[in-house]
């Protein structure tokens, strides 16, 4: 972490006053001397050693002044308040200059003896961030983050809006360390609160993706891998709103940083099998932006250079050929584009089990390209495969979401019911009606309690349960729940006529 990282925190902190300090000797008179000008001692805030400079228009003659004036002193004295300010300033400088964790902890220990507890929050946060980055002691990270949050909360009225950002950083740190300790419920709570703080902060300011990058530029070294990833994130944010011209410089910066890391690794004699994945993906992203800007030949040239650095069975290899196919497709070179897509699909088929999410995203992109070339049969086949994998991949996430919501909001919260309803639908898509029936039953039970049995979502859960029993061949149970569905919609009066018509049409078939 760079020394300037504390600069981010000090922007929000009220600094200790650092002003020139003028101290003068006591007035005195001597029969053989004319009174010399009073010395002016100035404290330079730029000097970490707090040196004083003394200026005289005339030098004192070599007399023993203390013998002539019992009230004179050998050196001017600072007041106790000025001395405390100086000591605190030096301690803060030492903490800010610390690079290793041991140096930071030693400086912090000295700060604890001189600073009020309310002035230690940002220092606790900085140590917590350092510990989190090292990743060796999540318990200690959690301890410093909790102390920082406690101080922020206790002094919230004094700090006001300016503390929103460090509070959000502290909450994010707490969420990260709690997750590392497998305290998932606590982690979710901290991250949810951090999201609320940031949402409020965003609503109070004109937010742009660049602001997040500016914060990270204060925290990380200018050539750090983290800053490379941050530039890539900003580029992706601009791409999401189709602002490719703004995205390209950030992507190029990410490539530059990752390339420097790769060259540094080579200089140190690190043996690597090809270039790093971060660098390769950043270059692929840059090529995709060139395609979006209509610079197809540049993109193809970039991709030809990248493909030489990828392994033939890697995800990056498939991504290169998918992007190259897009550039060729835009140039209406369909034969070459199809060859590239065939190579990409050949790699992706072998990755379906190990990287399903990556494969699904790639299949969706390839489907679009086949549609552009009027290859609808191939497009539909890939789309069906992608959707099937998407459902299978969604199930563990839905199951995990249900457990977390139960821990956070209780067993009968309506949000848990919604998750179970979606989970049941996923089981039905995968032709697992028994699992679906059990899940729909959970959803119906929760919604009946939280929303009431006549709520539209409760009726829908009951209808889904009926369909699951019908798919299992348990028709008496299916009809029993279907009757409850009819009763529920009839209770809604004329507004539910369409639902009843659809219902009768479904069962008549």
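The values are calculated or read from the model by the stated rules, or taken from the named source; none is laboratory data. Model, not experiment: these values are computed from the prediction. FYI the Cβ positions are ideal-geometry reconstructions off the backbone, even for glycines, and counts take in every protein chain you see.
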Which residue, of 272, 315, is farther than 13 Å from residue 259 by Cβ and either at pLDDT 85 or above or touching a strand residue (DSSP E or B) at 6+ places or on another chain (Cβ under 8 Å) (or both)?
315
Of all residues in region 165-175, which are surrounded by fewer than 20 Cβ atoms within 10 Å (Cβ to Cβ) and touching a residue at least 40 places away in the same chain (Cβ under 8 Å)?
165
Only one residue in 332, 311 is touching a helix residue (DSSP H, G or I) at 6+ places or on another chain (Cβ under 9 Å) and not in a helix (DSSP H, G or I), so which one is that?
311
Only unsatisfied item for residue 392, checking (1) closer than 23 Å to residue 307 by Cβ; (2) in contact with a helix residue (DSSP H, G or I) (Cβ under 9 Å, 6 or more places away or on another chain), is (1)
Counting only residues that are over 13 Å from residue 457 (Cα atoms), buried (at least 18 other Cβ atoms within 10 Å of the Cβ) and either over 30 Å from the mean Cα position of the chain (by Cα) or not assigned by TED's automatic domain parsing to the domain that holds residue 480 (or both), how many does region 410-440 have?
8
Do we find a residue being outside the structural domain of residue 282 (by TED's automatic domain parsing), at pLDDT 80 or above and surrounded by 16 or more Cβ atoms within 10 Å (Cβ to Cβ) anywhere in region 230-247?
no
Condition test on residue 338, is it over 29 Å from residue 293 (Cβ atoms) and either assigned by TED's automatic domain parsing to the domain that holds residue 293 or touching a strand residue (DSSP E or B) at 6+ places or on another chain (Cβ under 8 Å) (or both)?
no
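Rundown of residues vs (1) surrounded by 17 or more Cβ atoms within 10 Å (Cβ to Cβ); (2) over 17 Å from residue 166 (Cβ atoms); (3) touching a residue at least 60 places away in the same chain (Cβ under 8 Å); (4) not assigned by TED's automatic domain parsing to the domain that holds residue 176, yes/no style:
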{"residue": "121", "(1), (2), (3), (4)": "yes, no, no, no"}
{"residue": "129", "(1), (2), (3), (4)": "yes, no, yes, no"}
{"residue": "132", "(1), (2), (3), (4)": "yes, no, no, no"}
{"residue": "137", "(1), (2), (3), (4)": "no, yes, no, no"}
{"residue": "147", "(1), (2), (3), (4)": "yes, no, no, no"}
{"residue": "152", "(1), (2), (3), (4)": "yes, no, no, no"}
Residue 342 vs (1) modelled with pLDDT of 90 or more; (2) touching a helix residue (DSSP H, G or I) at 6+ places or on another chain (Cβ under 8 Å): all pass except (2)
What about residue 198, is it outside the structural domain of residue 164 (by TED's automatic domain parsing) and either buried (at least 19 other Cβ atoms within 10 Å of the Cβ) or modelled with pLDDT of 65 or more (or both)?
no
So which residues in region 437-487 are assigned to a helix (DSSP H, G or I), free of Cβ contacts under 8 Å to residues at least 12 places away in the same chain and touching a helix residue (DSSP H, G or I) at 6+ places or on another chain (Cβ under 7 Å)?
448, 470, 477
